[in-house]
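The values are calculated or read from the model by the stated rules, or taken from the named source; none is laboratory data. Quick caveat: nothing in here was measured; it's all calculated off a predicted structure. No Cβ is skipped: glycine too gets one built from the backbone with ideal geometry, and neighbour counts run over all protein chains shown. These area figures cover heavy atoms from the full protein model, side chains too; ligands, DNA and RNA do not enter into them. Shrake-Rupley method; radii C 1.70, N 1.55, O 1.52, S 1.80 Å.
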Amino acid sequence: MTTEALRTGIDLSRLRKGLPRCGVYLAILLLIVYNIVFTPYFLTLSNLRIQLIQAAPVVIVALGMALVIGTEGIDLSVGSVMALAAALIPLYLGYGVVAAILASLAAGVAIGLINGILVAKVGLQPIVATLALFVGGRGLAVVISEGKLKDVRNEDFLYLGSGDFLRVPVLVWIAALLVLVVAFVVRRTVFGRRLLAVGGNRPAAELAGLPVKRVLIGVYVLCAVLASIAGLLSVSRIQSSDASAVGLLIELSAITAVVVGGTPLTGGRVRVLGTVAGALLMQLVVATMIKHDLPPSTTEMAQAVIILVAVYVARERRTR
Amino acid sequence: KSEDSGATGGSSAAPAATQVVASAPAGSATCTADQYGAAKLDLKTASVGFSQSEKEANPFRIAETQSIKDEAAKLGITKLKTANAASQFNKQISDVEQMIDSGVQLLVIAPLNSDGWDSVFAKAAAKHVPIITIDRKINAAACKDYLTFIGSDFAEQGKRAADAMAKALGNKGEVAILLGAPGNNVTTLRTSGFKDQIAKVAPDIKITFEQTGNFSREDGQKVAEQLLQSNPNINGIYGENDEMALGAITALKGAGKKAGDVKIVSIDGTKGAVQGIVDGWVSAVIESNPRFGPLAFATATTFFTGGPVGQDVVIQDRAYDESNAKTDIGSAY
Amino acid sequence: MTMSVPLPAGPSRLAGAVQRQGALAVLVTVVVVSLATFPGFRSADNAGTILIAAAPPMLIALGMTFVIITGGIDLSVGSLYVLGGVVAAWASQYGLLAALVAPLLLCGAIGVLNGVLIARTGMAPFIVTLAALLGARGLMRSISDQGSTTYLVRSDAFHELGTGALFGVGYQVWLAAGLVGAGIVVLNRTRFGHAVNAIGGSEDAAALMGLPVRRIKIGVYLLSGLLAGLAGAINAAKLGSGVTVLGSGMELDAIAAVVIGGTLLTGGSGSIAGTVAGVLLLGVIQNLINQVGDVNSNWQQVISGGFLAAVVVAQTYVVRVRRAPSP
Amino acid sequence: MLLEVAGVSKNFPGVRALDGVSFTLQPGEVHALVGENGAGKSTLIKVLTGVYQPDGGELRYQGEPARFATPLDAQRAGISTIYQEVNLVPLMSVAHNLFLGREPRNRFGLLDEARMVHEATEVLAGYGVRADVRHRLGTLALGAQQMVALARAVMVDAKVVVMDEPTSSLEPREVETLFGVIRDLHARGIGIVYVSHRLDELYKICDAVTILRDGKLVHTGTMAGLERRKLVSLMIGREFGEDFTSFTETPESVLTGEPVLRVTGLTSRPRLRDITFEVRPGEVVGLGGLLGAGRSETIKAIGGAYPVDSGTIEVDGVTLTRPSTVRAVRAGVATQPEDRKAEGIVAGLSVRDNIALAILPRMTRFGLVSDKKIDAVVATYMSRLRIKAASPDQLVGDLSGGNQQKVLLARLLATGPKVLLLDEPTRGIDVGAKAEVQALIDELAAEGLGVVLVSSDAEELVEGADRVVVLRDGVVVGVLTGDQVTTEDLMATIAEAAE
Ligand SMILES: Nc1ncnc2c1ncn2[C@@H]1O[C@H](COP(=O)(O)OP(=O)(O)OP(=O)(O)O)[C@@H](O)[C@H]1O
Ligand SMILES: Nc1ncnc2c1ncn2[C@@H]1O[C@H](COP(=O)(O)OP(=O)(O)OP(=O)(O)O)[C@@H](O)[C@H]1O
Ligand SMILES: [Mg+2]
Ligand SMILES: [Mg+2]
């Protein structure tokens, strides 16, 4: 074996290591180039604005999902949490914007606690534990809203979803802020570090004396709270609250964003920026399809291929 | 406490507009209990089943279910069973089959889908249970597989929407369609009716864009945002239901457009959309009247007392535009 | 995947038995109580309706059981179910055989694709089959004019398969029962079944013991695809047409049924009998909610969710009490 | 020549695990393969058995060039393997594990359950395993599981049997059974590749030896000609001291203080009953007994990870109420679990994160984790425990076994414990690392920690412990003190209790 061969071997392996990290970004880049060439009015501020606004709720939900997935869990109930949050807004808006927001956040905390306790204390498998609230939560939300779509007209509240701050939509500011907060939590807080250890090896974390159950409950609460923020922002953006529609199927979008962004479903690692990129990629795919007026069949098949390619590139070589 | 709980619900006082049967063409087919092979009976003491297709989470479905329940109560029908398939077609099939098992003597079905009712027909035929389908038609033989269909003509609704759009645009412009949920025959008919009629009455109107908004406000808004951004020349938006049209209005506002810049026509006749006409955002709303209770039970009564009933009872849908929106908003649901 | 499986220290066979019988016990209890409470529940017709409605989900859950025992998951079954129905209805113009073979071929091929991607590239089953969910739905829409074309069943023999009965029990139920029986034999009495269990128990060990891990994995996804396609086909036969608006959420129902039946999502342990109990339990609950009559549709969902949680939590505690020396 | 590799290389991302290694195996030869942790022994074995494909080099089997694409290929060709980690399926029954992939079938093509049970019972009896073979494998003790793996490997008509550290979880009696099997294979002309860190075993049964270091071949020859010290220095690449265990006696005078750990009447049904002992600061108390005696459970119970029905645990005079791992760690009890990979390290995290894991709340500034503080602690322990890692950022999963063990110890020590519970701290680690770990245990005790030591290596136990508490079936059957702490006395106590 010559040294030459050895060197290329190592270079290849480095490339392999590097690719997963930049797979999503590469895909985004390709799609943007395609659009610049083929889509009219693509390279405009108004377009950027729309894509960011539309991606924001998924980004926010996906952040929470990434944390849950980091603990080797999954949360199917996020869409229902959004619906609950949405259902509560018009109910409490009469007491003021703050009261309404607090009420919907409280709903998030409550759902998160239930999920967390079912997973951490009762020991249910996350997918089943959250399936119960996935089914029941939305039903409850629709019951609360009496099945009625309610228009929301409170200007202060609508500012969150439809207003601008420094010429950038408030919604985008909030999403960006939450990205920073979550990235910060993962990197710089005790909770974040513990979360990764719990996801990486739960028995080990337990024996090391970490409050594993508390961490797990915390993660599910955080995820649900993020989902309820997404829910109330959706209400503010759509300017109406429709518990039967808000956040429908968002759990799959969020999981896709997380996984496409390079976070493994096996836990122990969380890629915050990758998650954001994953959500943006999926948003860009859909936008491209719509702008080219393609039918749903094509959109779905294209999504399938893009997910597979992005995840294939980003897959981790099994080392151990 | 809700945002507007202080205000009094003035509009709810207005009487709900009942359905009117469009004048049936002479010689159109009818059906009697003898033809169908059903026994005559007294509806009051009969056991009646109502199967709703979608969750009561939008105005149309709420009004529809409520109308059936109210009318049954009014007629003194005590044995009314209701089931809701929550958009799961297989669930609707087993809901209905279960009702037949439990011995209902009349079935009122709001079908989720027009095809796929063979097993239900087989079961109903064995027990001679008459089936009245409302709002959506079932593709089968009337007076044999089922008794009769009561509902709107969706293609006709599409045509009327096309007429309204042509009028609003002065027969010229670029129109986008916000399609309903894919695979739904309401979507299919409202689309084909609209396109056919536009081609006929206003060939200068180009339909440049059609994307599904899944009958939901949020999706309607999202799609409209994308479309307004990349097709700034759009003059008209046809929403296949009111919800999507309302979503489009929010998108228009977000894009800095003013009322009337882009003409909107939609179908359903919900309060929100009719209010949109009053506010100047919407040009016209074609009604699709969900209050099937009185007509359904009247038909059943005629049938069970031996009289002939039409095999295809098409109701007359009203339309709202600037001329009547303010005055008639009370009839919107 | 390695060590997170809780090791029962006590009489593990008993614990396993209870875990498996948990769903059955709940099912029996629910059925007995409802027989006493709801006159409408008592009729033979009603039992027939429940069983017939349960046949397609049973087939899907059967395939899902195999997949989950290998430690995987198959989210594509709902889409394959619809696709299978549409293709079967379309193919029925060429006769009964075509109506059965066409969906099996197509859905089997997609199943194999799932399996190959999962086994060969090491991508997570969740994500591969999620892509297949989208892809298969796209495919179904593209062959049905975005879902607006509904193919009608043209073969009488095929139609008979969906609506006919033998000894008063629908063909579908016989078919499902037969396949479930075959599934039990395959899982417990063949090398394939043992390999499926081994892979779920420890994939590395299975590979090192010389089991053809990839082939087995491809096999289970193939099986799942085939069964989902078949479920779609018999459903189409029953409905008389290839309905395009079906099946969303079907995969979650199947997963729920399998898990309620005591199969571990982490793989390595599970039973088909449990899955049968799980599917029937979900069907019976639905039937009961209808028996009550006038429950608001939104409350129905709350009740379903609550019931789901109650069943799984109860089962966990039953199993745990037997396992640990003390709490 | 039965099996031969010439110049094989194998690269993993960033590591060259094998670098032009050659190796030959003769029929009827027991060939030892030795080297430090991470030397490449397991990798070589996996290349031989089709788990990995070599990046370079040649493989010849029975004189023919061979290529095994999968373990199945190798098995079909007659190469059977017992891998380092017991590679069986714990959730399946013992009989099914034994026959997996080659189950007997009846005339309907279905598996012949009765025959499997019957044959499995018979075969395993020959290996001293008497258990209901219909039970799940996971319910067997690890040693018994190892025997099942051995039986599985030998059952087929193998020409080569490869054993990667087969004795690391066997008790002495089981080791003897294993050696019996090996001698039998030897007599039948079957070639055996034998990997172990226990040197005396090698001298007992091996004919030839091949030594690897850092993926390179450093020596190959007959076992007889090679002196023990020479072997060790070839392995670790430098001269090695006289003693192979590096424990020193603790003077009795030190052990007078108040007990730092006092366990009274500890009971956990059905595994443990009425266990009582105490540990003084500076003392190393060994827990002796056979596999399954309940040593691990005792350790875990004290560490709060195993349910306790009754009894008290006092640390430094304070009773632990409602024990949990969190409370135990807070009270100053640090537990090193038996299964390093499953319960110890977090393989996907860096060395730094693993060491800091248990002390994160102290590593903060204004509520935020301070990497500076962490780095100071990590640097201290990395140098003190002589942890060999490329950098603190290296993933622990990529370290050798011994270094993983040290990282784990560093995590425990960083919590500033009063009591250290060590369950098999040297299992699976090489002589060099073993000596280092042993020296460390001594050092820590000397600093005033109370240490509880579990080891199935009887020698290590008696050398290391000042006192040995002997367990059997979850009950204390004897305590050895002072001069009684010898291998003979230990064995005698265990045997006595059996009668
Ligand atoms: N799958 C893998 N991916 C990356 N590196 C690996 C892999 N397997 C082994 N290595 C590395 O290759 C080297 C040799 O490992 P190997 O397992 O062969 O050592 P060993 O001699 O068996 O050690 P031990 O005595 O601890 O079992 C080590 O540096 C190890 O980290
Ligand atoms: N890895 C394992 N897999 C399955 N069962 C196990 C395992 N380890 C222990 N057991 C079970 O726990 C019982 C007690 O074994 P354990 O290993 O705890 O004994 P021990 O005295 O601590 O021995 P040692 O610590 O030397 O291994 C065993 O009989 C076995 O049933
Ligand atoms: Mg090794
Ligand atoms: Mg032990």
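Table for the structure above
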| item | result |
| --- | --- |
| Normalised per residue, the volume of the convex hull around the Cα set of the stretch B:243-333 (Å³) | 96 |
| Angle in degrees between helix B:118-127 and the longest Cα principal axis of chain B, rounded to the nearest 10 | 30 |
| Helix D:431-446 vs. chain D, principal-axis angle (Cα, 0 to 90°, nearest 10) | 10 |
| Three-way shape call for the stretch D:367-499 based on the alpha-carbon gyration tensor, with the a/c threshold at 1.5 | prolate |
| Long-range HN-HN contacts of D:LEU33 with modeled amide H, under 5 Å | D:TYR194, D:VAL195, D:SER196, D:THR210 |
| Size of the C/A contact, given as accessible area buried on both chains, probe 1.4 Å, in Å² | 3400 |
| Accessible surface of chain A, 1.4 Å probe, proportion on carbon and sulfur as whole % | 69 |
| Kirkwood Rh in Å, taken over chain C so that all alpha-carbon pairs contribute | 20.3 |
| Whole-angstrom Cα spans of the stretch A:141-214 along principal axes, big to small | 53, 39, 15 |
| Selected from B:ALA166, B:THR301, B:SER283, residue furthest toward positive end of dipole (chain B; charges at beta carbon) | B:THR301 |
| Scattering profile of chain A at q = 0.09, 0.11 Å⁻¹ [log10 I(q)/I(0), Debye over alpha-carbon scatterers] | -0.48, -0.71 |
| Fraction of accessible area attributable to carbon and sulfur, chain D (%, probe 1.4 Å) | 49 |
| Accessible solvent surface per residue of the stretch C:37-131, calculated while the other protein chains remain in place, 1.4 angstrom probe, Å² | 29 |
| Calculated Rg and Dmax of the stretch D:68-129 using C-alpha coordinates, Å | 13.3, 37 |
| Options B:LEU75, C:SER43, C:PHE66, ranked by Cα towards positive dipole end of the protein assembly as shown, top entry (Cβ charges) | B:LEU75 |
| Hz values of 3J(HN,Hα) by residue in the stretch A:254-267 - Karplus curve (6.51, -1.76, 1.60), Gly and Pro given as x | 5, 4, 4, 4, 4, 6, 4, x, x, 7, x, 5, 7, x |
| Whole-angstrom gap from the stretch D:65-130 to the stretch C:197-251, using each part's C-alpha centre | 27 |
| Accessible solvent surface per residue of the stretch D:346-416, calculated while the other protein chains remain in place, 1.4 angstrom probe, Å² | 38 |
| 25 Å tail of the calculated P(r), the stretch C:56-195, as % of Cα pairs | 34 |
| Heavy-atom accessible surface that D and C bury in contact, both chains counted, 1.4 Å, Å² to 100 | 2800 |
| Expected 222 nm ellipticity per residue - DSSP helices of 4 or more, -39500 (n - 2.57), all of the protein assembly as shown, to 500 | -17000 deg cm²/dmol |
| Inter-chain shielding of A:147-157 (mean C-beta neighbours from other protein chains, 10 Å cut-off) | 4 |
| Debye intensity ratio in log₁₀ form over the Cα atoms of the stretch D:90-165, taken at each q of 0.19 Å⁻¹ | -0.77 |
| Summed buried accessible area for A+D [probe radius 1.4 Å, Å², rounded to 100] | 2400 |
| Share of carbon and sulfur in the accessible heavy-atom surface of the stretch C:210-263 [1.4 Å probe, %] | 60 |
| Whole-angstrom gap from the stretch D:199-216 to the stretch D:14-57, using each part's C-alpha centre | 12 |
| Cα convex hull of the stretch D:346-416 - mean projected area over all directions, nm² | 4.2 |
| Tilt relative to chain B, helix B:59-75 - C-alpha long axis, 0 to 90 degrees, to 10 | 30 |
| Cα centroid separation, the stretch B:268-333 to the stretch D:390-444 (Å) | 79 |
| Residue mean of other protein chain beta carbons inside 10 Å, D:90-99 | 5 |
| Prolate/oblate/rounded call for chain D, Cα gyration tensor, a/c under 1.5 rounded | prolate |
| Descending Cα extents along the principal axes, the protein assembly as shown, whole Å | 114, 75, 66 |
| Occluded residues from the stretch B:234-268, i.e. those whose accessible area drops by 30 Å² or more once the chain is not alone (1.4 Å probe) | B:THR250 |
| Given D:LYS10/D:LYS388; B:LYS123/B:LYS200; B:LYS200/B:LYS257; A:LYS150/B:LYS258; D:LYS46/D:LYS418, the pairs whose alpha carbons are separated by over 32 Å | B:LYS123/B:LYS200; D:LYS46/D:LYS418 |
| Residues in the stretch C:128-169 occluded by at least 50 Å² - accessible area, probe radius 1.4 Å, against chain by itself | C:LEU130, C:ALA131, C:LEU134, C:ARG141, C:GLN146 |
| Order by protection proxy (mean Cβ within 10 Å, highest first), peptides B:31-38, A:46-53, A:279-286 | A:279-286, A:46-53, B:31-38 |
| Projected area, mean over directions - the stretch D:3-236, Cα convex hull, nm² | 13.2 |
| Solvent-accessible heavy-atom area per residue, rounded to whole Å², over the stretch D:3-236 at 1.4 Å | 38 |
| 10 Å-binned pair-distance histogram of the stretch D:281-356 (Cα, whole percent) | 16, 43, 33, 8 |
| Average beta carbon contacts from partner chains per residue of D:334-343, 10 Å cutoff | 4 |
| Long-range HN-HN contacts of B:TYR146 with modeled amide H, under 5 Å | B:ALA141 |
| Most to least accessible of D:LEU91, C:LEU113 (protein chains only, probe 1.4 Å) | C:LEU113, D:LEU91 |
| Cysteines in the protein assembly as shown lacking a second Cys C-beta under 4.7 Å | A:CYS22, A:CYS223, C:CYS107, D:CYS206 |
| Cα lying deepest toward the dipole's positive end in the protein assembly as shown, options D:ALA149, A:LEU158, C:ALA233, charges on Cβ | A:LEU158 |
| Computed P(r) (all Cα pairs; the stretch C:53-134; 10 Å bins; percent) | 18, 47, 28, 7, 0 |
| Rg over Rh [alpha-carbon atoms, Kirkwood Rh] for the stretch A:69-187 | 1.02 |
| Cα convex hull of the stretch C:26-77, projected area averaged across orientations, nm² | 4.6 |
